[in-house]
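Just below is one structure, and these are the notes that go with it.
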Amino acid sequence: MPTNWLGAQLINVPESLASVTTVGAGESDQGKSDKGGLSQGAIDSIWSSVEDLYRSAAYPAITFCLRRDGDVVLNRSLGHARGNGPQDAKSTPKHAAQPDTPICIYSASKAVTAILVHKLAEEGGIDLDQRVSYYLPEFAAAGKRDTTISQVLAHRGGFPMFDLPPEERDPERLLDWDNCIELICAAEPSHESGERLAYHAITGGFILGEVIQRVSQMSLNEYLDTRIRQPMGMQYFTYGLEQKHRDKVAMNYAAGQPVRFPVSKILEKALSAPIDEVIEISNSEIFMQAVVPAGNLYCSAEELSRFYQMLLDDGVWQGQQILKPATVARAIKPNGKLCFDHTLKAPMRYSEGLMLGGAPVGLYGPMTDSAYGHLGFMNILGWADPARKLSAGLLVTGKAVLGGHLVPLSQLITNIARQCKE
């Protein structure tokens, strides 16, 4: 187990990982000499990198699914869905994570919400280049009249954060849909829409979700269910989580190095609450009952990989046309060049709703400028890479910002890109 230095919150890692590893039934035929065009050596190398990430002791649970050329080559879990968290006592009951364990994917939910917006446009319900206020008149208040749906999708809407005083930054506020819509609609923009890039951590999702509901006359979960979840045979893949699945859900844990100023303040402002409070409420029943379009979709790693495989296949899943090819093409098309994101304080490149890869290096590894997907709090990742014919879901339950996990995480993403390169 790694040394617990500088107050790091870490889990206990067994010497042998076999006792905390589960292989999903969906992995491709073990008898194949090459699965998804990958040698067994390449697959073993990728899994070894996942194990190295677990050994960083930042994650009570890791679930990982990798498809290559449409084949599921890895679908496995490591660790515990509950128990063995950094703050848990040795006597705390442990429940092993499974490949199909539902996990909240936080901001990786934004990609799903964005695709639903693109689907609504495909159906003729909205025009992505139209003003938000055309569909949501109250949004026009305080100088936001001309902000377009496209700008909100691309994080150029001009209202990236809830502008609330510290004493009012309560994470439970995010669970009151109507209040969130009222606050965002009444708020003044922090800058002119389209003027600069600033990641909309929470706000954009509510506005996009409200547009979907107003236009479709369906709840957001109903629209998701009929357009994606049911046609693709998903077990979970909902905003919030049904009561019948909550005994399986993985808990989220604070982990890694303590987050201190100024990083703590940047994150608190973006999330509208301190990190520890966000983690605590994400484990609550009320959070699982709520709908947060930018932050509380629940799924398995395989379901997230399945979603991106559908996009990789031009909107087709098992012969069904979930999205038209033109819809996918617009959803993954770059919306501007690489530039500084004023919320994330880092260079980023977006499409209308997705985080894009880069070259020579990017979010999805080296030379991944054709890749697209989305990051979730903190190291959750779902993505597709057309150049490598892969789709992947990496779900973790330790909410580690800083610490020893960062090197093996980078090495894992790099190794996936390297092993899957033709």
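Please treat every number below as a calculation from the coordinates, not as lab data. As the structure is a prediction and not an experimental result, all values here were calculated from the model. Positions of Cβ are backbone-derived with ideal geometry, glycine not excepted, and every protein chain shown enters the neighbour counts.
Worth a mention:
- Per residue, the average separation of C-alpha pairs within less than 8 Å and at least 6 apart gives the range 312-422 a relative contact order of 16 percent.
- For Ala96, the residues whose amide H sits under 5 Å from its own are Ala81, ignoring neighbours fewer than 5 places away on the same chain, with H placed 1.01 Å from N.
- Taking Pro86, Pro334, Pro137 as the candidate residues, the one with maximal mean-square fluctuation in a Gaussian network model of the chain, Cα springs under 10 Å, is Pro137.
- Straight-distance candidates among the lysines for linking to Lys265, with alpha-carbon spacing under 29 Å and chain neighbours fewer than 8 residues away dropped: Lys110, Lys144, Lys337, Lys345, Lys399.
- Long-range Cα-Cα pairs in the range 332-411 (distance over 21 Å), rounded percent: 27 percent
- Built amide H within the under 5 Å cut-off of Gly403, gap 5+: Gln257
- The chain: calculated mean residue ellipticity at 222 nm from DSSP helix runs of at least 4, using -39500 (n - 2.57): -8500 deg cm²/dmol
- Listed by chain and number, the lysines whose alpha-carbon sits under 22 Å from that of Lys389, ignoring those within fewer than 8 places in the same chain, are Lys32, Lys35, Lys324, Lys333, Lys421.
- Residue exposure proxy: Glu268, Glu123, ordered by other Cβ atoms within 10 angstrom of their Cβ from fewest to most, comes out as Glu123, Glu268.
- Backbone amide hydrogens, once placed in the peptide plane, bring Val361 within less than 5 Å of Met367, excluding anything fewer than 5 places away on its chain.
- Remark: C-alpha extents of the chain on the principal axes read 59, 49, 44 Å, sorted largest to smallest.
- Net lengthening on full extension, Asp170/Val407 (0.36 nm per residue, minus Cα-Cα): 82.0 nm
- Computed from backbone phi with θ = phi - 60° and the Karplus coefficients 6.51, -1.76 and 1.60, the 3J(HN,Hα) list for the range 280-296 is 4, 6, 5, 8, 8, 4, 5, 5, 6, 8, 7, 10, 10, x, 9, x, 9 Hz; x is used for glycine and proline.
- Percentage of interatomic Cα-Cα distances in the range 1-129 larger than 25 Å: 43 percent
- Spin-label model, Ala346 to Asp69: label points 7 Å out along the Cα-to-beta-carbon direction sit 3.2 nm apart.
- Fully extending the segment from Val23 to Glu195 would add 57.2 nm, taking 0.36 nm per residue of separation and subtracting the current Cα-Cα distance.
- If R0 is 35 Å, the Cβ-Cβ spacing of Gln321 and Ala141 corresponds to a FRET efficiency of close to 0.35.
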